[in-house]
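Engineer: Below is one structure. I have some questions about it.
Every number here is computed from the coordinates shown, using simple stated rules; none is lab data. Quick caveat: nothing in here was measured; it's all calculated off a predicted structure. Positions of Cβ are generated from backbone atoms using ideal geometry, with glycine treated the same way; all protein chains shown enter the neighbour counts.
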Amino acid sequence: MLKLRVRANLKCPKHPSFDPARNGGRGGVKGGCIICQCLCDLWLAGEKLNFEVRLLVERASPPPKHWPAIARAELKRR
Ligand SMILES: [Zn+2]
């Protein structure tokens, strides 16, 4: 069993309005600010974590019963 729980509200003291998701990730960092770059790294890690969790949930879920048997067998092979 894996339990993950992280909740944080983080912002750069120099650029408090910088949001990696809305400001273009690393491309939106002003003046090479190291704090904003760290925020980008954390944001990307969060996106990857969300992707991996969704993938695991998808793989761990049984295929719908209305799917044809061949489709369910294909899903098991992955
Ligand atoms: Zn900054």
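Engineer: Which of the lysines could a cross-linker span from residue 65 if the Cα-Cα distance has to be under 21 Å and same-chain partners fewer than 8 positions apart are dropped?
Structural biologist: Leaving aside lysines fewer than 8 places away in the same chain, those within reach of residue 65 are 76.
Engineer: Another one. Is there a quick way to get the dipole size of the chain? I mean about its Cα centre, with the Cβ of Lys and Arg at +1 and of Asp and Glu at -1; what is the value in debye to the nearest 20?
Structural biologist: 220
Engineer: How far is helix 34-60 tilted off the main Cα axis of the chain, in degrees rounded to 10, range 0 to 90?
Structural biologist: Its long axis makes an angle of about 10 degrees.
Engineer: What relative contact order, as a whole-number percentage, does the chain give when Cα pairs under 8 Å and 6 or more residues apart are counted?
Structural biologist: Relative contact order of the chain: 19 percent.
Engineer: Could you work out the helix-only [θ] at 222 nm for the chain, with each DSSP H run of four or more residues adding -39,500 (n - 2.57) and the total divided by the number of residues, to the nearest 500 deg cm²/dmol?
Structural biologist: When only DSSP H runs of four or more count, the value is -15500 deg cm²/dmol.
Engineer: Take the alpha carbon atoms of the chain, find their radius of gyration, then divide it by 2.2 N^0.38 Å using N residues; give the quotient.
Structural biologist: Here the answer is 1.65, to two decimals.
Engineer: Taking the dipole about the Cα centre of segment 25-77, with the C-beta of Lys and Arg at +1 and of Asp and Glu at -1, give me whichever of 35, 69, 55 is farthest to the positive side.
Structural biologist: After comparing all options, I get 69.
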